[in-house]
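FYI, it's all coordinate maths here, none of it is from the lab. These numbers come from a predicted model, not from an experiment. Because the Cβ atoms are built from the backbone with ideal geometry, glycine has one as well, and the counts that use them run over all protein chains shown.
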Amino acid sequence: MLGARFVWMVVVLGGMASPALAGDPCPIPFDVYDAGSPGWFDRDELLSELTSQSPWAGIQFADTNAGVQLRQVYADSPAAAAGLQRGDLVLAVDGADIKSERGLADALDARAVGASMVVVVHRGNAERLELTMVLGRRDPLVASLTRHAAQQACTSVNVANTQRDLTEAFHGAAFDAKRRLRCKNAHRFMMRLDDQPPGRLVIVRGRRRVLLSLIGAETVCVAARHYDGDKLTERRIGRLFKRVSERYVTRRHRNP
């Protein structure tokens with residue numbers, strides 16, 4: 001059982017229209033926090049039951065003058081298990097040369113959950129390594145939200161780990177004694193987190209519903225089945241992101 005596994009994704013969103021502009025607020029920062037599922041759920045089982053499947057490597061990378069470099073390799077990720085390290089330059093995947101960040105992203109997206117891939121990297125003093133990585137599973141709604149943000153006009157995406165204690169506290173607030181997801185309870189909890197930075201969007205998946213809560217702004221619960229398979233469209237994701245973030249974005253436009 002995976003229990004409560006989580007990552008932070010710092011997503012900088014721009015391009016949203018606002019009725020009142022006091023200046024240029026771009027970029028507008030969002031911390032998108034995949035808070036996973038409570039420990040009484042089998043997280044992997046929940047995600048495996050979805051029609052939409054999103055592969056996960058657990059890396060952050062970017063173009064550099066030397067090539068495509070791994071900026072971060074997350075603990076307990078498929079990449080870490082394969083032996084990939086921060087600073088590695090990715091040369092090839094399954095025999096195909098990797099020449100850009102987009103090329104590596106496409107290579108990962110083209111493979112299914114559970115796929116095995118040989119990654120050739122350059123490390124340190126001209127050391128060339130061939131490492132085998134087996135892709136894991138990522139929440140497809142979180143992946144789609146991140147991809148949507150990355151397609152905006154003023155966007156940057158970063159990923160980092162965060163505290164387990166906050167995750168467990170949020171799970172305790174969001175679910176009642178019968179293990180049902182309660183939006184109002186979650187919203188009250190988030191409104192009390194005045195020590196957290198603004199723009200922090202927490203996502204929790206239950207068996208039937210998914211909760212999205214933006215600190216100090218908005219909490220939304222949606223039916224999981226409405227964001228799966230052919231219903232997980234760019235248009236639907238765009239509307240959902242606007243719904244949960246519009247109040248915060250408007251406030252940033254007024255006070256950049």
Residue list for segment 216-237, restricted to those being surrounded by fewer than 16 Cβ atoms within 10 Å (Cβ to Cβ), over 25 Å from ASN185 (Cα atoms) and of a type outside the set (Ser, Thr, Tyr) = GLY229, ASP230, LYS231, GLU234, ARG235, ARG236
Restricting the search to segment 214-239, which residues are in contact with a strand residue (DSSP E or B) (Cβ under 7 Å, 6 or more places away or on another chain) and not hydroxyl-bearing (Ser, Thr, Tyr)?
-> LEU214, ILE215, VAL220, CYS221, VAL222, ALA223, ALA224
Any residue at all in segment 68-82 that is over 18 Å from the mean Cα position of the chain (by Cα), of a type in the set (D, E, K, R) and part of a loop (DSSP other than H, G, I, E, B)?
-> no
